[in-house]
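Since the structure comes first, as structure tokens, the remarks are kept for the end.
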Amino acid sequence: MPNPNSSSSEVPTTLVVVVNWNNADLTSRCVAALDREAAAPEGADFEVLVVDNGSDDDSVDRLRDGTTGDRLLALTRNGGFAAGVNAAIRHHPADRYVLVNNDAVPAPGFVSALVAHVDAAPTAVAAVTARLELEGRFVQVPTTAGRPDDFVAANGSRWRRDDHGRTLVNSTGGVVDRSGNGLDRDWLVPREAVTGGRDVFGFSGGGVLLRASALEDVGLFDERLFMYYEDTELSWRLAERGHVVHHEPAAVLVHRHSASSGTTSWTFVFHNARNRIKVAVWHASVTTVVRAVLRTLVRVLTTTARRSPDAPAVRAALLASLTGLPADLRHRRELARRATYRRRDIDLTTGLRRPGVPGR
């Protein structure tokens, strides 16, 4: 993958990237919040670039006619989130890149909090991930009274939108479990009960600052993933080269979860299932890879038995993972040769090296 060119200016430059696809309204809402911060008398100095990822609606015309104006990079095809971000980095080199989901609204001081954190951090800190909060309020409901639109926490608890409920966290960074799942740390934890600390394995592509120098070392987002798990995969490469990720709780985004594709769409189900296996093959232990494949096989059998609408997408994801296995194993060996640290030496919760582990 081509590497980004870092800026040579004395004062570090910051580019905020917002990727749009068929949703000019949400993107305009996001950019307006960023513009309010940029106009504030005190705060970080940054530029905003909106990438239209080959929208097939009237997004380009609407964004050009609106406040986005000449800050729009219009691509001719939708190559996925990774391709959109990479295009922005190649088009407008900077020292730091802040990624913001177009379906999120940055709170006041969002960019400034990320910049202040990275400016005070050691150079090993390659990324500073924000705190994403879910848009709206939620109440916990009995597990026996579930509905398809409920949010389900890692402990099985169910949450439903209610104006009189609580604010829930979407993410304070990313972790990886024993089956290769890339998970949002603090998913559905009430805002006041968050316990996630500064050190975290991965960042959320929905809200993060990335150092250009780290991207020069490890490369850009992998466009083969198209969408989902691209942030987990890049977090793996950063960790394997000795870089670390921090969380900054003062950088807050209010996120409308999965507004672009929906969590029940074929696109969401297929790419999540396929990319979980693919990224595990590239980076994780053999045991984790086996668990990832078996977990998907079990899901194929259960969704088929239930005649679930997810079944075709899960079957297609498993088939794609198996047919792509030879190429993925070759890529695994290439990544291992470039790595400074072995995958088993990296804590998949904090991203730190396990005690007593030297660099290779």
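Total residues in region 287-340 satisfying the condition of being in contact with a Lys or Arg (Cβ under 7 Å, 6 or more places away or on another chain) and either modelled with pLDDT under 95 or among the β-branched types (V, I, T) (or both): the figure is 4.
Okay, residues lined up against (1) part of a helix (DSSP H, G or I); (2) free of Cβ contacts under 8 Å to residues at least 24 places away in the same chain:
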| residue | (1), (2) |
| --- | --- |
| W236 | yes, no |
| A239 | yes, no |
| V245 | no, no |
| P249 | no, no |
| L301 | yes, yes |
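Within region 104-121, being crowded, with 23+ Cβ neighbours inside 10 Å and under 23 Å from D25 (Cβ atoms) holds for A104, P106, F110, V111. Only one of the numbered conditions (1) at pLDDT below 95; (2) touching a His at 6+ places or on another chain (Cβ under 7 Å) is not met by W282, and that is (1). Residues of region 200-241 that are modelled with pLDDT under 95 and of a type outside the set (S, T, Y): F226, M227.
The values are calculated or read from the model by the stated rules, or taken from the named source; none is laboratory data. Remember, predicted model here, so these are calculated numbers, not experimental data. Quick reminder, even Gly has a Cβ in these numbers, built from the backbone with ideal geometry, and neighbours come from all protein chains shown.
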